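Every number here is computed from the coordinates shown, using simple stated rules; none is lab data. Quantities reported herein were computed from a predicted structural model and do not represent experimental measurements. Positions of Cβ are generated from backbone atoms using ideal geometry, with glycine treated the same way; all protein chains shown enter the neighbour counts.
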């Protein structure tokens with residue numbers, strides 16, 4: 001039997017998060033690669049629920065069967081860390097760092113240093129690779145003297161996320177999950193915009209997903225008397241978890257925005273709905289496909305990739321999004337409504353140590369362009385739906401599981417060396433027991449010393 005190298009993956013495979021979905025895909029790619037003895041060490045991802053794996057699902061079962069506690073007493077041949085770069089540590093004979101990339105224009109010096117600890121790094125968008133390649137710092141010695149440039153010197157390759165095209169696809173009404181269908185049926189509006197994503201830290205209009213500005217602009221735009229039949233806005237969002245406290249906090253922030261909107265004579269506010277809670281992939285796809293959900297919208301300031309946008313696009317519903325950052329790998333101006341704007345500094349209220357840093361910039365959409373885009377989708381829906389169907393077909397071909405799996409296998413073939421079976425433990429040849437007075441029968445093996453080499457600097 002030929003030697004089967006070990007591969008240890010450290011990743012948040014059990015979590016309901018973007019990183020979790022990416023981690024599960026990569027582990028499955030590795031198992032199906034069928035070259036390594038794959039072992040998985042599951043880690044937390046903030047406070048996101050760790051209930052994404054179902055033992056009754058074959059795709060999940062093959063991950064659960066390979067879960068092991070973290071133990072590096074024996075060095076693995078291949079070690080893969082799926083996380084933010086500051087958590088990268090080279091634990092194997094060959095080490096791969098995989099990160100969702102970055103949502104701004106600059107990677108921190110800590111991230112650059114961490115990327116250089118690994119043998120090769122995979123990022124999930126062209127945007128992310130471009131940012132890492134461009135992030136350079138002056139390196140200084142202990143005296144504060146400039147001694148060179150700190151930059152990414154290890155290879156960086158793009159490995160896009162994929163979508164499960166067996167789950168995320170077009171459905172007719174009879175195929176919708178009944179729980180989702182019945183819930184959305186209660187909404188009176190026939191036309192609804194929908195946002196899916198976390199409501200992250202930051203002042204109103206400064207959080208990364210820009211949920212606050214989306215709510216504010218929606219109220220301000222559709223309060224006008226000219227819109228007799230108003231659309232609704234559905235927010236599938238939470239902050240860190242699905243607790244009651246989290247839900248009440250999200251509601252409080254949304255209400256604060258609503259209360260800030262001034263009404264003139266004849267004006268009234270449209271409806272905004274909060275969907276706060278855990279949904280399975282099938283339920284989420286049913287939500288995307290419901291006939292009352294017409295457009296997926298985001299004012300995001302930046303995405304490493306934008307997995308929910310990709311998944312939503314596969315249902316053939318129009319997408320409204322800023323024309324910048326990671327999601328541009330699968331969106332285009334012909335088949336989506338892309339919003340312009342300008343790059344601005346990450347606001348202090350949204351900064352996050354080593355992740356969203358001072359000096360980095362991200363997209364601030366033009367509110368007028370955003371309003372125009374929303375009205376365009378609302379009043380001219382049919383032609384945009386036809387364009388969105390073309391986008392769905394293209395993304396189904398280019399970002400499916402098999403396509404991304406093939407891309408990953410090619411990268412593994414390109415970078416990861418062949419591993420040799422480690423030497424077996426030396427067996428001791430002990431002398432035979434003999435009576436006193438008899439010569440011991442000891443076989444002394446011939447010892448071949450390596451060539452003597454000078455130790456170089």
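So here's what we get for this one:
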quantity: For the chain: rounded, prolate or oblate by the Cα gyration tensor [a/c cutoff 1.5]; calculated: prolate
quantity: Whole-Å distance, taken between Cα centres, linking the range 280-305 and the range 137-169; calculated: 29
quantity: Full-stretch length increase - residue 413, residue 267 - with 0.36 nm per residue and alpha-carbon distance subtracted; calculated: 46.3 nm
quantity: Residue exposure sequence - 336, 406 - by fewest surrounding Cβ within 10 Å; calculated: 406, 336
quantity: Computed over the chain: relative contact order in percent, which uses C-alpha pairs under 8 Å that are six or more apart; calculated: 15
quantity: C-alpha center-to-center spacing [the range 362-402, the range 244-270] in angstrom; calculated: 27
quantity: Rounded if a/c under 1.5, otherwise prolate or oblate - the range 1-135, Cα gyration tensor axes; calculated: oblate
quantity: Counting DSSP beta bridges with both ends in the chain, the antiparallel % (nearest 5); calculated: 20
quantity: Cα gyration tensor shape for the range 213-358, rounded if a/c is under 1.5, else prolate or oblate; calculated: rounded
quantity: Sorted by Cβ neighbour density within 10 Å, fewest at the top, the residues 378, 193, 72; calculated: 72, 378, 193
quantity: Relative contact order (%) - criterion: Cα under 8 Å, at least six apart; region: the range 75-176; calculated: 22
quantity: Degrees between helix 18-33 axis and first principal axis of the chain (Cα, 0 to 90, nearest 10); calculated: 40
quantity: Theoretical FRET efficiency, 1/(1+(r/R0)^6), r = Cβ-Cβ of residue 380 and residue 140, R0 51 Å, to 0.05; calculated: 0.35
quantity: Extension gain from residue 73 to residue 358, taking 0.36 nm per residue of separation minus the Cα-Cα distance; calculated: 98.7 nm
quantity: Residues residue 147 and residue 182, FRET efficiency given R0 of 45 Å [Cβ-Cβ distance, rounded to 0.05]; calculated: 0.10
quantity: Cβ-derived FRET efficiency at R0 56 Å, residue 421 paired with residue 371, nearest 0.05; calculated: 0.30
quantity: Between the range 188-227 and the range 96-132, the Cα center-to-center distance that results, in Å; calculated: 31
quantity: Mean Cα-pair separation over length for the range 173-399, i.e. relative contact order, pairs under 8 Å, 6 or more apart, %; calculated: 23
quantity: Ranking of 55, 96, 43 by count of other Cβ atoms within 10 Å, fewest first; calculated: 55, 43, 96
quantity: Added length on full extension, which subtracts the Cα-Cα distance from 0.36 nm per residue, residue 278 to residue 344; calculated: 20.4 nm
